[in-house]
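The values are calculated or read from the model by the stated rules, or taken from the named source; none is laboratory data. All figures in this text were calculated on a predicted structure; none of them were measured in a lab. No Cβ is skipped: glycine too gets one built from the backbone with ideal geometry, and neighbour counts run over all protein chains shown.
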Amino acid sequence: MKSTSNRSKRETIGEARIRSQTGVTVLGIRRDESISSEVESETRIEPNDVLVGVGSNESHDELRSFLS
């Protein structure tokens, strides 16, 4: 999933409440050319980050809508 600058506003994963709002657990973030699997609730979501997560197909659809 690619986050958008409109939604993320440099929120942390915890502030965005991604898991409770969508059901997706974020396992990693791809930022520029690097991939980080050390994701915590305090990790900031930057514009153009690609979030790597696990959840049902419906949860991923929810996340797409949530981030747009």
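Of the residues E15, E33, E40, the single one that is of a type in the set (D, E, K, R) and surrounded by 13 or more Cβ atoms within 10 Å (Cβ to Cβ) is E15.
Counting just the residues of segment 44-68 that are small (G, A, S) and without any contact (Cβ under 8 Å) to a residue 60 or more places away in the chain, which one comes out farthest from L27 (Cα to Cα)? Across segment 44-68, the extreme among qualifying residues is S65. Number of residues in segment 9-29 that are modelled with pLDDT under 90 and over 17 Å from S65 (Cβ atoms) equals 1.
For residues in segment 43-58 being farther than 18 Å from E11 by Cβ and not hydrophobic (A, V, I, L, M, F, W, C), which is surrounded by the most Cβ atoms within 10 Å (Cβ to Cβ)? Residue satisfying both the conditions and the ranking: G55.
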